[in-house]
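Have a look at the structure below, then the notes.
The values are calculated or read from the model by the stated rules, or taken from the named source; none is laboratory data. In this text, all values refer to a predicted model and were calculated from it rather than measured experimentally. In this analysis, Cβ positions are derived from the backbone assuming ideal geometry, glycine residues included, and neighbour counts consider all displayed protein chains. For the accessible areas, the whole protein counts, side chains as well, though only heavy atoms, and no ligand, DNA or RNA atoms are used. Shrake-Rupley method; radii C 1.70, N 1.55, O 1.52, S 1.80 Å.
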Amino acid sequence: MSESRLPVVLDVDTGIDDAMAIWYALASPRLDVQGITTCFGNGGIEVTTRNTLLAVELSGRHVPVYQGAAHPLASAAIDTAEAFHGQNGLGEAQLPPVQGRAERQPAAEYLAAALEGGSTTLVATARLTNLALALALYPALARRIPRVVVMGGAAFCPGNVTPVAEANIWGDPEAAALVFQSGIPITMVGLDVTHQACLADRHLGSPAGQSARPYAEVLAAASEFYMRAYNPGAAPGDRTCPLHDPLAVAVAEDPSVITTRPYAVTVSLHDPATRGMTVVDARSRVPAPPHPIDVAVAVDAPRFVQEFCRRLGYRADP
Ligand code: BDR
Ligand code: CA
């Protein structure tokens, strides 16, 4: 890979929008995807790892995949998202068998080794469990990581699992709290912006574009499932669905696609009503925190969605 590309590791729970994010990243002229770690989340860890391996294989690229956490830090139980991603995690698309397998090294150890060099950005589009485990193993790691782009949280908008909590934070709030307190430079790409960065019905069905891509059939079926899940009962035409995880990749590639503000962010842990909430202190008179989180507050959605469509073979806007 050319030296001018930004080295990144993706931490995913594939998932329809994670698969889109993987394909978006692997088609990037500016990113060098060095490895991909998997976490439970949209499905169990076996499902998310299988889907990640498959997404990589269908891209025609060779990127090592490392299996990670099967459950959150503080519990053996997991919350999955079959309603949005299907039982197989890819919208019940017909999946070809996976040829390869995950590497032997556990995800947390790989993350520590990959990020320790100080030049690799992590794009985390799942629960933050793997990174929290890596920090627990190697506390000094926090000072080495240049940036983590987190798809997660809801700063000034409702949550998507509870009234206030977003899925990636809700799924392991203890891990998120640990990561947010670690001092690592973090860009929080939350629902405030991902709900503005949407694929629409008009983008679907571009046979000329998508059929050129080996993942075309899986992507077409998964996109339709995802669209239906986000628009229950709606007829095709006016439907939209948020591109959560691809937007996080786009931010790693080009931070200018969003506007951020530096805020203190606390993850609520102990109150059942607010557990998993990202509490953002936007008061003007409080002193700046020592390690603010860069919270995305606006996005150039047309620019991002256009590039997303072009890269994955959807029908781009004229
Ligand atoms: C996030 O939750 C997961 O279901 C999606 O893949 C995305 O990472 C959105 O809240
Ligand atoms: Ca995800």
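Can you name the helices (runs of 4 or more DSSP H) wholly within segment 31-124 that have at least 1 residues being closer than 23 Å to V161 by Cα? Step through it out loud before you land on a result.
Details: elements: 45-59, 82-85, 107-116.
Fully inside segment 31-124 and qualifying: 45-59, 82-85.
Within segment 173-196, which residues are within 12 Å of ligand 1 (Cβ to nearest atom) and assigned to a loop (DSSP other than H, G, I, E, B)?
G190, H195
Among the residues of segment 149-165 satisfying the criterion of being farther than 17 Å from D281 by Cα and either near ligand 1 (Cβ under 8 Å from one of its atoms) or of a type in the set (D, E, K, R) (or both), which is least open to solvent (accessible area, probe 1.4 Å)?
Step by step, filter segment 149-165, then rank; the result is M151.
Please state which of the following conditions A21 fails to meet, knowing it meets all the rest: (1) closer than 12 Å to V123 by Cβ; (2) within 11 Å of ligand 1 (Cβ to nearest atom); (3) open to solvent by 10 Å² or more (accessible area, probe 1.4 Å).
Going through (1) closer than 12 Å to V123 by Cβ; (2) within 11 Å of ligand 1 (Cβ to nearest atom); (3) open to solvent by 10 Å² or more (accessible area, probe 1.4 Å) one by one, A21 breaks only (3).
Checking the condition open to solvent by 10 Å² or more (accessible area, probe 1.4 Å), aliphatic (A, V, I, L, M) and away from ligand 2 (no atom under 16 Å from the Cβ), which residue from L111, L141, L135 passes?
Working: L111 fails: open to solvent by 10 Å² or more (accessible area, probe 1.4 Å); L141 fails: open to solvent by 10 Å² or more (accessible area, probe 1.4 Å).
Matching residue, one of L111, L141, L135: L135.
Return only the number of the condition from (1) over 19 Å from the mean Cα position of the chain (by Cα); (2) crowded, with 20+ Cβ neighbours inside 10 Å; (3) of a type outside the set (S, T, Y) that V179 does not satisfy.
Going through (1) over 19 Å from the mean Cα position of the chain (by Cα); (2) crowded, with 20+ Cβ neighbours inside 10 Å; (3) of a type outside the set (S, T, Y) one by one, V179 breaks only (1).
Out of segment 221-243, which residues are open to solvent by 10 Å² or more (accessible area, probe 1.4 Å) and touching a residue at least 24 places away in the same chain (Cβ under 8 Å)?
Result: A221, E224, F225, A229, Y230, P236, G237, D238, T240.
Enumerate the strands (runs of 3 or more DSSP E) found wholly within segment 202-318, keeping only those where 1 or more residues are among the β-branched types (V, I, T) and in contact with a Leu (Cβ under 9 Å, 6 or more places away or on another chain). Break it down stepwise before answering.
Details: elements: 240-242, 258-267, 278-281, 293-299.
In segment 202-318, the matching strands (runs of 3 or more DSSP E) lie at 240-242, 258-267, 293-299.
Just to be sure I understand the filter: pairs with C-beta atoms under 6 Å, separated by 6 or more residues or on different chains, first member in segment 76-99 and in contact (Cβ under 8 Å) with a residue 60 or more places away in the chain and open to solvent by less than 60 Å² (accessible area, probe 1.4 Å), second member within 16 Å of ligand 2 (Cβ to nearest atom) and part of a loop (DSSP other than H, G, I, E, B). Which pairs pass?
A81/N42; H85/G15; H85/N42; G89/G15; G89/N42; G89/G43
Do we have D11 as crowded, with 18+ Cβ neighbours inside 10 Å, at pLDDT 95 or above, near ligand 2 (Cβ under 10 Å from one of its atoms) and in a strand (DSSP E or B) here?
Numbers: crowded, with 18+ Cβ neighbours inside 10 Å: yes; at pLDDT 95 or above: yes; near ligand 2 (Cβ under 10 Å from one of its atoms): yes; in a strand (DSSP E or B): yes.
Criteria met by D11.
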